[in-house]
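J.: Could you have a look at this structure, given as structure tokens, before my questions?
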Amino acid sequence: MALAGLALLLAGCASTKYRPVSDTPVRIGKPYAVRGVTYAPADDRAYDRLGYASWYGDESGNMTANGERFRKGAIAAAHTTLPLPSYVEVTALDTGRTILVRINDRGPFSGGRIIDLSKGAATLLGIERQGVAAVRVRRVEPPESDRARLRAGREAMARSRVAESTLTLWRAALADSRTGQGGCGAQTARC
């Protein structure tokens with residue numbers, strides 16, 4: 001009797017069904033609201049924005065919005081509207097370091113932030129200690145070899161650092177967008 005009870009208890013613990021880590025199917029989803037703000041997911045292949053990144057760890061829960069098991073050490077992120085999954089290059093505006101990241105979750109739902117990185121991605125980008133950092137996020141279509149590495153939770157091939165002259169332009173555009181002075185307009189990195 002005790003063994004039967006233990007078996008039922010363990011079966012209940014194993015009842016959470018995680019989606020396998022895969023790039024198919026791609027899910028866009030319907031508009032949704034969080035804290036009074038409505039987000040409309042879209043397949044924006046030209047997504048290229050300047051803004052702020054934060055990172056999240058264990059507090060995110062066990063399942064991503066994509067249905068996968070959350071892995072804080074993976075090179076992954078949350079975005080409010082891009083398809084799940086999708087891939088972006090994230091560049092830290094203070095250092096020019098760029099990494100490839102797989103989007104598999106929804107968020108961030110804090111003002112001014114455009115991406116929420118896993119702890120692994122934040123560490124790789126060098127912003128873990130900062131908590132919040134100015135970034136450029138650009139949607140890309142990486143080769144299958146990079147996709148496979150990210151699906152496995154590993155780092156993709158290294159990206160080139162961005163030139164200081166370009167970083168200076170992006171920093172100015174982000175500052176202008178915060179003060180309403182225009183710059184490159186609507187937080188876009190396309191200057």
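J.: Ranked highest first by average number of other Cβ atoms within 10 Å, how do 126-132, 172-178 line up?
T.: Going from most to least packed, we get 172-178, 126-132.
J.: Please report the Cα spread of the range 20-173 along all three principal axes, rounded to whole Å, starting with the longest.
T.: Principal axes ranked by extent give 39, 38, 30 Å for the Cα atoms.
J.: Going by amide H atoms built from the backbone, whose H comes under 5 Å of the H on residue 135, apart from near neighbours?
T.: Amide H to amide H, under 5 Å and 5 or more residues apart or across chains, residue 135 pairs with 51, 52, 53, 93.
J.: Turning to a different aspect of this structure: How would you classify the range 27-75 from its alpha-carbon gyration tensor, with a ≥ b ≥ c the square roots of the eigenvalues: rounded for a/c under 1.5, else prolate if a/b is greater than b/c, otherwise oblate?
T.: Prolate.
J.: Starting from 0.36 nm per residue, how many nanometres of slack lie between residue 163 and residue 28 once their C-alpha separation is accounted for?
T.: Length gained between residue 163 and residue 28: 45.2 nm.
J.: Let me ask something additional. When the Karplus curve 6.51 cos²θ - 1.76 cosθ + 1.60 is applied with θ = phi - 60°, which whole-Hz ³J(HN,Hα) does each residue of the range 127-137 get, with x for Gly and Pro?
T.: 10, 4, 6, 6, x, 9, 8, 6, 9, 10, 10
Every read-out reported here was derived from the displayed coordinates using simple, explicitly stated rules and does not represent laboratory data. Please read all numbers here as calculations on a predicted model, not as lab measurements. For neighbour counting, all protein chains shown are included, and Cβ atoms are generated from backbone atoms with ideal geometry for every residue, glycine included.
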